[in-house]
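Colleague: Sharing a structure with you now.
The values are calculated or read from the model by the stated rules, or taken from the named source; none is laboratory data. Everything quoted here is computed from the prediction, not taken from an experiment. As a convention, Cβ positions derive from the backbone with ideal geometry for all residues, glycine included, and neighbour counts pool all protein chains shown.
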């Protein structure tokens, strides 16, 4: 055994691998520690005399607290490389809870943000509207909604179809409605309108205008092609349309519905731009026979502005026959500009409802009189044509 005093043994901290100055708590760090701390600060004007570094095996004399610089002056921690210039090494480590995306945000702030978003989306009455939307979704999922025998869904039409068309009518086409007092508030009536625009948007604008002005739903009579298309057929049924046949028209009129018809058909919406606002033939007058049999008034409607949304300058009849459609339109922007050419031009629209043409003075059997049907049909057509000429003279410009 050695006679060496245990107090003279070298003190080597655990984890320093026998190298003094690391983990010893001395005032002066080792060279390895100084290389991790970044550039050293500039020396002061008067630098204190450096003390000799004690060697291994020598006794370390404790420095009095009164003469230690660390005890008299506060030491500013140096920024580390990982924390950047604005953060110091004394900052505690980030815990797992602090890294959570919801950590540190009070529940009240989340509720306030949700309320602000609801106000922006639904307005001041956001609670009532949100409750109505949730009730609507519950009814649709549970099947607790009403659809009539023709497939008309009033809730879908009013909440979605009308809501989607309203900004287009008000902001894009700036639809102006006249003579709305000529539409009866109750009972059956037949609205007869001119047809134009290459795409039948005028029918949609008419439905929206009547509903917004009177609160009534217009039940349009559609062509066979409308109900042969897979998606359009379902939307048309839910929007209140039905097939343009005498049986359905008479049943609706007898039931007190407001029915709309466009006698020009595809000849009206597919006519060239050079023939704009010139009415085509009104067919054989089937709509007049339906009005005579049911005794409902006929309300002529003149629409100005739809002719200019898609100026039709050409057609591809061979391709139209191949696809089974009446025509393939060529406009100044379609198909030259591709999908961008499908955007309608923002023309100014005028809708004027004329005075009702009464049919209740005739007997139902007179609906089979071809001369009477022809005379009433010609009267309706002439009324619409003359009103179109009047509105064109009053309109200052196509786009205002």
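Colleague: Which residues, taken from the stretch 336-382, are in contact with a strand residue (DSSP E or B) (Cβ under 8 Å, 6 or more places away or on another chain) and in a helix (DSSP H, G or I)?
Modeller: Scanning the stretch 336-382 gives 376, 379, 380.
Colleague: Let me ask something additional. Identify, by number, the condition in (1) farther than 29 Å from residue 295 by Cα; (2) out of contact with any strand residue (DSSP E or B) (no Cβ under 7 Å at 6 or more places or on another chain); (3) surrounded by 15 or more Cβ atoms within 10 Å (Cβ to Cβ) that residue 155 doesn't meet.
Modeller: Here residue 155 meets the rest and fails (3).
Colleague: Next up: Does residue 306 satisfy being modelled with pLDDT of 95 or more and touching a helix residue (DSSP H, G or I) at 6+ places or on another chain (Cβ under 6 Å)?
Modeller: yes
Colleague: Could you say which residue among 277, 327 is farther than 15 Å from residue 203 by Cβ and within 33 Å of the chain's Cα centre (by Cα)?
Modeller: So the residue among 277, 327 that is farther than 15 Å from residue 203 by Cβ and within 33 Å of the chain's Cα centre (by Cα) is 327.
Colleague: How about the stretch 131-168: which of its residues are assigned to a helix (DSSP H, G or I) and farther than 19 Å from residue 211 by Cα?
Modeller: The answer is 131, 132, 133, 134, 135, 136, 137, 138, 139, 140, 141, 142.
Colleague: Modelled with pLDDT of 90 or more, surrounded by fewer than 18 Cβ atoms within 10 Å (Cβ to Cβ) and in contact with a helix residue (DSSP H, G or I) (Cβ under 6 Å, 6 or more places away or on another chain): which single residue out of 119, 175, 180, 192 fits that description?
Modeller: Residue meeting the stated conditions: 180.
Colleague: So, one more: Which one of these is over 20 Å from residue 304 (Cβ atoms) and free of Cβ contacts under 8 Å to residues at least 40 places away in the same chain: 251, 237, 216?
Modeller: Answer to the selection: 251.
Colleague: So, one more: Given (1) within 19 Å of residue 398 (Cβ to Cβ); (2) in a helix (DSSP H, G or I), where does residue 320 come up short, assuming only one miss?
Modeller: Only one criterion is unmet by residue 320, namely (1).
Colleague: May I pose another question? What do you reckon, is residue 370 in contact with a helix residue (DSSP H, G or I) (Cβ under 7 Å, 6 or more places away or on another chain) and surrounded by fewer than 18 Cβ atoms within 10 Å (Cβ to Cβ)?
Modeller: no
Colleague: When you check residue 385 against the structure, is it free of Cβ contacts under 8 Å to residues at least 24 places away in the same chain, in the same structural domain as residue 297 (by TED's automatic domain parsing) and in contact with a strand residue (DSSP E or B) (Cβ under 9 Å, 6 or more places away or on another chain), yes or no?
Modeller: Answer is no for this residue.
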